[in-house]
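A.B. asks: The structure that follows is given in the form of structure tokens.
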Amino acid sequence: MRYLLFYTFLIVTFTATAQRGKDGSKTSSTTEIVNDYTTLTADVTAGTTSISVTSSSLTGSGLPPLAQGDLILIIQMQGASVNTIDNTQPSWGDLATGSYNNAGNYEFAQVESVPNSTTINLDCGLKHDYSASGKTQVIRVPRYSTLTLNSGANITCPAWNGNTGGVVAIEVNGTTTFNGGQIDVSALGFRGGQVDNQSNIGCMWYADTSPTGGSEKGEGIAGSQTDYDTFGGRYGKGACANGGGGATCHNAGGGGGANAGNISNWQGGFGVPDISNANYVTAWNLEGAGYSSIVAEGGGKGGYSFANTDANELSDPPGSSAWGGDNRRDNGGRGGQPLDYSTGKIFMGGGGGAGDGNDGDAGRGGNGAGIVYLLTYGDITGNGNILANGENGQDTYDPSGAPFGSVANIDGSGGGGAGGTIILNTTGNVASSLTLQANGGDGGTQNFAIGLFGSVNEAEGPGGGGGGGFIAVSNGTPAMQVNGGNNGTTDSPFVTNFPPNGATKGHDGVIGSIIPNNSYDLTISDTTICSGSAVTLAVTVIGTLPSGATIEWYDAPFTGTLVGTGSSFTTPTLSNNTSYYIKTCDLADYIQVNVTVTNCTVAPVASFTPSVTSICAGDSITFTDNSTGTNISAWNWTFTGGSPSSVNTQGPHTVAFNTAGTYNITLQVTDANGTDDTTIAITVNPLPTVAANASPATSICQGDQVTLTGSGASTYTWNNGVVDGVPFTPSSTTTYTVTGTDANGCSNSDQITITVNNCSQPLASFTPSATSICEGDSITFTDNSTGTNISAWNWTFNGGTPASANTQGPHTVTFNTAGTYNITLQITDANGTDDTTITITVNSCNLPTAQITASTTEICQGNCITINDNSSGGSTAWNWIFTGGIPSSSTQQNPGDVCWNTAGNFDVILIVSNSLGSDTDTVNITVHSLPTVTASGDTTIVLGGQANLTANGTPPGGTYNWTPNDDLDCNNCSSLVASPQENTTYTVLYTDSNGCFALDSVQVLVEVETAIGVPNAFSPNNDGNNDILYVKGNGIETLLFIVYNRYGQKVFETTDITQGWDGTFKGKPENEGVFVYYLEVTFKDFSSQKLKGNITLIR
């Protein structure tokens, strides 16, 4: 896994730096500590420029007391929050999103002053918040010009003691050279859990305040073991942040500490199981399905608890009582949680948890590694090492050895410490010959010490491996390692097929990278000017200035006055040599730039700028004087091709150019030291010749489309919303203007007029006052036609009086005869002729006559009749009443099916109506009762037997019909005999004289008596006795009968029970002898049977 680590440090190259390199060149050939450490005593927030510390002198590294211009590193080591709600749950000690608080915050800061023994003032406000309770260190950082580490050199730091230590930080202005030397912070980070010698059996908790419940957890960003006591307890298998969990009793192994990793893949501290052996895979999966395939980030977990019975490690899971002792439970310390480096925080490696013990042999947890930070402005070269490796967890060990007849080293082993952090932030390159290591420590191992005549009869937990650390290098490809530590093992004879005994490896850490685009350089050079002049000083930003960063200009370092901000600064008029000092709050330095002032005579320099250098004919350009000199007294402008053509004042001057061409514009200036001139050429482009075009024509009919296009330029815009080349429909005659613009941006225009003519045909239309009337009534017809000066109207009033008309109307027409009539109007104008027709209805307007149509008037109870309307006389409403029926009423003209569930006589009544009145019709419906029938004769018979069936229908006189009719002696009798071959249900249908019917049924069950057999001898000698060999039996449905001779040849085969063997084969009689038969039978009850046997053929 790789993270991108974002840092923003100002890397600057100037003519002179005020503070970097102030501690001179450093060469080392021995073990040295070059930093000095103190602690923050009061909380600070971002923007603070003064901090309170335990001691501000910081002289322990051999440097003079801390003073203005020195560099410090502020870093908060702890203070993260964890889940402490329930120490019986595996979530105890978990880091949540946002719970890091200020832990891991850090920054470099330059000292502005040291006013007293407990205060340090900074030249810029802090970027982050820091809390004193979070163990914030303030570390003095040496500012070397160069650094050389010869063979024997070992730059290191004090071990972390809970308040200070564990960090090496160095600034180098030039080259850092490794000549076989090293920087080493291995095992100097967060502390591993310590051993106690108390332990119970059967403990379960993840955190406990009693040492009998387990062993100490490793230290991490949530605090030390003392802090753990305040939120659940320092003992037990739960991992607290990146510290490895201590073992939970009895005699389990400690968990490995952690540092960098994928925070979403911790998986409860399971670590990385060793699956290099197939037996290991089997053993891991006894913890749970798929456990062998887990690859969890962070530290590895410790091994299982105490077992004193030799069960099978490949079949008896951990926690099984088969193991005896503490049942070899999964009570090893959980691996520490991986930490998130994506937000720019850095951390030391977490300490490993201690192994649990009660015999004085337990192993303590390994310490995590510390932090190395090199901030350099040159190459890092040579051969050497930078080491930040976690410490191995301690093996189980009894210093007194094993007494006679006994065994030693019989407690749990410690977890490995996590790898630390190495950051090389440089503007130069890091040599590939350097080696950087931030590996996790290995878990402790259990190697039994056996006294004379002693024997091993137990197993305890090895330690989990520590997680890998974090390495980031800004430039270069040195050899880098962030390997997770290996798990410990046990040599107990109980688990020879699984030496890890529950302990897992730590996961690899992270090799990140500092993003070059988030670093930047500034460069500036000294300059010389004439006395009495000003100069603009400009800083060149190489890269990207951080968001919100401000470049500030001062007249003196630290105590000077701010004279400007931004990437450039214009001095006042200077008469003496002057220095300015530049800084940003990302730069721990003041940069000096020198302005040398000399007495000199300088001729004027003519200079001007035009507002543009290319225009269109008719446009103007403004010319602005930028000349320099001493009291310039004359300006002579020549504007060739322009208006005006010349001017003799400074300006600015705005000049019009009406003729296309290329013209030289000249300015001559004069002062007491001389004359100078300069010329700039400008281009005046001609206007395009634009034409407006119309397609298909400039004269169109109303409603037609026209397409307008421009020509003679590159792009065109039209007024009135027209789009060039897009068809549209003008509503009236209009003049359109097009403006064309050429490639030079010059424009011209043209106009075109589109004439819109009314070319439409006439449209005939009229409205009648009514479309449905009674005989003798009238309708008025009104013309609504459209056209251009309509000249003729021809009306045709079929069936009406009058029958026609040839004026516009309106016309009132009388219709005396009922019927349907088409009324037509034809009109004519200069553009043509059109006609239209409307149909009207003339009604007789009589009273309606009701009449009902029914599909039948007699039905059986429960049946339906289809009922429809057959009325006449123009009914407009229908009201149906169905006495005793379903539905009981309807207002539909044709109601459809009506059903009667009750026997009797019922009326169907229809009332029809229209505007003139109503009429009624009635039909009587007879509903007959249903007959009844009772069938009897349910019985059980033997296959081949008979059953007597009877039926009795009422009212009498009806007919009978039985189904199914197979095996019946009569299918239309009230009494009959059935001979079924299988279980059968017989149904009788009884129909009375009205055609109504009823059903009933009886069931005859058939028992099948199954039997099968084959005679053991037969005599095919044609004497009429036993000449054919048959299969004998009852209830046979299918069979397969095969006979073989003594050579195994098939001499006979049949599937027909009526077919037997006559003792021949291929038409010839077989000799006397013994034959073998094979018989498969399926019976009618679906059972089956197979027989094999011998048959003797006798002649």
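The values are calculated or read from the model by the stated rules, or taken from the named source; none is laboratory data. All of these numbers come straight from a predicted model, not from anything done at the bench. Counting neighbours? That spans all protein chains shown, and the Cβs are built from the backbone with ideal geometry, glycine included.
A.B. asks: ALA681 is checked against (1) in contact (Cβ under 8 Å) with a residue 60 or more places away in the chain; (2) within 14 Å of SER620 (Cα to Cα) and fails just one. What number does that condition carry?
C.D. replies: Against the list (1) in contact (Cβ under 8 Å) with a residue 60 or more places away in the chain; (2) within 14 Å of SER620 (Cα to Cα), ALA681 comes up short only on (2).
A.B. asks: Return the pairs, sorted by first residue and then second, in which the second residue is among the acidic types (Asp, Glu), the first residue lies in the range 208-219 and is in a loop (DSSP other than H, G, I, E, B), the beta carbons are less than 9 Å apart, and the residues are 6+ apart or on different chains.
C.D. replies: Matching pairs, first to second residue: THR209/ASP229; SER215/ASP196; SER215/ASP356; GLU219/ASP227.
A.B. asks: Would you check if ASN83 is under 31 Å from the mean Cα position of the chain (by Cα) and either within 18 Å of ILE33 (Cβ to Cβ) or surrounded by fewer than 23 Cβ atoms within 10 Å (Cβ to Cβ) (or both)? Don't jump to the end; show me each part of the working.
C.D. replies: Details: under 31 Å from the mean Cα position of the chain (by Cα): yes; either within 18 Å of ILE33 (Cβ to Cβ) or surrounded by fewer than 23 Cβ atoms within 10 Å (Cβ to Cβ) (or both): yes.
Answer is yes for this residue.
A.B. asks: Now for a separate question. Quick check on the range 636-663: of everything there that is touching a Gly at 6+ places or on another chain (Cβ under 9 Å) and loosely packed, with under 13 Cβ neighbours inside 10 Å, which residue is nearest to THR613 (Cα to Cα)?
C.D. replies: Among them, the one singled out is THR662.
A.B. asks: Please determine whether any residue of the range 81-89 is charged (D, E, K, R), modelled with pLDDT of 95 or more and in a loop (DSSP other than H, G, I, E, B). Before you say what the answer is, go through the steps one by one.
C.D. replies: Within the range 81-89, the first condition is being charged (D, E, K, R), and the residues that meet it are 86.
Retained after the next criterion (residues that are modelled with pLDDT of 95 or more): none.
So far as the range 81-89 goes, no, none of its residues is charged (D, E, K, R), modelled with pLDDT of 95 or more and in a loop (DSSP other than H, G, I, E, B).
A.B. asks: Within the range 591-606, track down each residue that is of a type outside the set (A, V, I, L, M, F, W, C), assigned to a loop (DSSP other than H, G, I, E, B) and surrounded by fewer than 16 Cβ atoms within 10 Å (Cβ to Cβ). Break it down stepwise before answering.
C.D. replies: Step one: filter the range 591-606 for residues of a type outside the set (A, V, I, L, M, F, W, C), giving 592, 594, 596, 598-599, 601, 604.
Checking which are assigned to a loop (DSSP other than H, G, I, E, B) leaves us with 599, 601, 604.
Passing the criteria: ASN599, THR601.
A.B. asks: Further question on the same structure: Scan the range 762-771 and tell me whether some residue there is surrounded by 16 or more Cβ atoms within 10 Å (Cβ to Cβ), of a type in the set (Val, Ile, Thr) and not assigned by TED's automatic domain parsing to the domain that holds GLY874.
C.D. replies: No, the range 762-771 contains no residue that is surrounded by 16 or more Cβ atoms within 10 Å (Cβ to Cβ), of a type in the set (Val, Ile, Thr) and not assigned by TED's automatic domain parsing to the domain that holds GLY874.
A.B. asks: Of a type outside the set (Phe, Trp, Tyr), part of a strand (DSSP E or B) and free of Cβ contacts under 8 Å to residues at least 24 places away in the same chain: is that true of THR755 in this structure? Spell out the reasoning first.
C.D. replies: On the way: of a type outside the set (Phe, Trp, Tyr): yes; part of a strand (DSSP E or B): yes; free of Cβ contacts under 8 Å to residues at least 24 places away in the same chain: no.
So THR755 fails the test.
A.B. asks: Any residue that is acidic (Asp, Glu) and within 26 Å of LEU434 (Cα to Cα) - is there at least one of those in the range 165-175? Explain how you work it out, then say what you get.
C.D. replies: At the first step, the residues of the range 165-175 found to be acidic (Asp, Glu) are 171.
Remaining after also requiring within 26 Å of LEU434 (Cα to Cα): 171.
Scanning the range 165-175, I find at least one residue that is acidic (Asp, Glu) and within 26 Å of LEU434 (Cα to Cα), so the answer is yes.
A.B. asks: Being loosely packed, with under 13 Cβ neighbours inside 10 Å and either of a type in the set (Val, Ile, Thr) or free of Cβ contacts under 8 Å to residues at least 24 places away in the same chain (or both) is the filter here, so list the residues in the range 890-919 that pass it.
C.D. replies: THR891, GLN892, THR902, ASN905
A.B. asks: A further question follows. Report the residue count in the range 1028-1042 for those that are in contact (Cβ under 8 Å) with a residue 40 or more places away in the chain and either outside any strand (DSSP E or B) or surrounded by 18 or more Cβ atoms within 10 Å (Cβ to Cβ) (or both).
C.D. replies: Filtering the range 1028-1042 down to residues in contact (Cβ under 8 Å) with a residue 40 or more places away in the chain leaves 1029, 1031, 1033-1040.
Those still in the list that are either outside any strand (DSSP E or B) or surrounded by 18 or more Cβ atoms within 10 Å (Cβ to Cβ) (or both) too: 1029, 1031, 1033, 1035-1036, 1039.
Number satisfying all stated conditions: 6.
A.B. asks: Still on this structure: Name the residues in the range 458-500 that are surrounded by 22 or more Cβ atoms within 10 Å (Cβ to Cβ), aliphatic (A, V, I, L, M) and within 29 Å of LEU375 (Cα to Cα), would you?
C.D. replies: ILE471, ALA472, VAL473, VAL482
A.B. asks: Can you pull out the residues in the range 557-583 that are hydrophobic (A, V, I, L, M, F, W, C) and surrounded by 13 or more Cβ atoms within 10 Å (Cβ to Cβ)? Steps first, answer last, please.
C.D. replies: To start, the set of residues in the range 557-583 that are hydrophobic (A, V, I, L, M, F, W, C) comprises 558, 562-563, 569, 574, 582.
Within the range 557-583, PHE558, VAL563, PHE569, LEU574, ILE582 meet the criteria.
A.B. asks: The conditions are (1) closer than 30 Å to PRO980 by Cα; (2) in the same structural domain as SER890 (by TED's automatic domain parsing), and VAL908 fails exactly one of them. Which is it?
C.D. replies: (1)
A.B. asks: What are the residues in the range 739-783 that are closer than 13 Å to ILE840 by Cβ and among the hydrophobic types (A, V, I, L, M, F, W, C), if any?
C.D. replies: So the first thing to find is which residues in the range 739-783 are closer than 13 Å to ILE840 by Cβ, and the list is 766-775, 777-781.
Across the range 739-783, the qualifying residues are PHE766, ALA770, ILE773, CYS774, ILE779, PHE781.
A.B. asks: Please find, within the range 86-116, the residue that is farthest from LYS237 (Cα to Cα) out of those that are surrounded by fewer than 19 Cβ atoms within 10 Å (Cβ to Cβ) and among the small types (Gly, Ala, Ser).
C.D. replies: Only one residue fits best here, namely SER113.
A.B. asks: Quick check: anything in the range 290-301 in a loop (DSSP other than H, G, I, E, B), surrounded by 24 or more Cβ atoms within 10 Å (Cβ to Cβ) and in contact with a helix residue (DSSP H, G or I) (Cβ under 7 Å, 6 or more places away or on another chain)? Before the answer, list the steps.
C.D. replies: First pass over the range 290-301, keeping only residues in a loop (DSSP other than H, G, I, E, B): 290, 294-301.
Of the ones still in play, those that are also surrounded by 24 or more Cβ atoms within 10 Å (Cβ to Cβ) are 296-301.
Next, only the ones that are in contact with a helix residue (DSSP H, G or I) (Cβ under 7 Å, 6 or more places away or on another chain) stay: 296-297.
Yes, because at least one residue in the range 290-301 is in a loop (DSSP other than H, G, I, E, B), surrounded by 24 or more Cβ atoms within 10 Å (Cβ to Cβ) and in contact with a helix residue (DSSP H, G or I) (Cβ under 7 Å, 6 or more places away or on another chain).
A.B. asks: Going by what's in this entry, would PHE558 be described as farther than 30 Å from ASN279 by Cα and at pLDDT 95 or above? Break it down into steps so the answer makes sense when it comes.
C.D. replies: Details: farther than 30 Å from ASN279 by Cα: yes; at pLDDT 95 or above: no.
Answer is no for this residue.
A.B. asks: If you scan the range 863-894, which residues turn out to be outside any strand (DSSP E or B) and at pLDDT 90 or above?
C.D. replies: We begin by selecting, within the range 863-894, every residue outside any strand (DSSP E or B); these are 863, 870-871, 873-876, 883-885, 887-888, 891-894.
ASN863, ASN870, THR883, GLY884, GLY885, PRO887, SER888, THR891, GLN892, GLN893, ASN894, listed by residue number.
A.B. asks: Here is a follow-up. Tell me, please, whether a residue that is over 60 Å from the mean Cα position of the chain (by Cα), free of Cβ contacts under 8 Å to residues at least 40 places away in the same chain and either at negative phi or in the same structural domain as ASP1000 (by TED's automatic domain parsing) (or both) can be found in the range 927-944.
C.D. replies: yes
A.B. asks: A further question on this structure: Right, GLY98: at pLDDT 95 or above, out of contact with any helix residue (DSSP H, G or I) (no Cβ under 7 Å at 6 or more places or on another chain) and at positive phi or not?
C.D. replies: Numbers: at pLDDT 95 or above: no; out of contact with any helix residue (DSSP H, G or I) (no Cβ under 7 Å at 6 or more places or on another chain): yes; at positive phi: yes.
It is false that GLY98 is at pLDDT 95 or above, out of contact with any helix residue (DSSP H, G or I) (no Cβ under 7 Å at 6 or more places or on another chain) and at positive phi.
A.B. asks: Out of everything in the range 946-963 that is of a type in the set (Gly, Ala, Ser) and free of Cβ contacts under 8 Å to residues at least 40 places away in the same chain, what residue ends up being surrounded by the most Cβ atoms within 10 Å (Cβ to Cβ)?
C.D. replies: Looking at the filtered set, the residue picked out is GLY958.
A.B. asks: Give me the strands (runs of 3 or more DSSP E) completely within the range 619-712, filtered to those with at least 1 residues that are more than 30 Å from GLY725 (Cβ to Cβ), ordered by residue number.
C.D. replies: Details: elements: 619-625, 634-639, 653-657, 661-671, 674-685, 691-695, 699-701, 707-711.
Per the criteria, 619-625, 634-639, 653-657, 661-671, 674-685.
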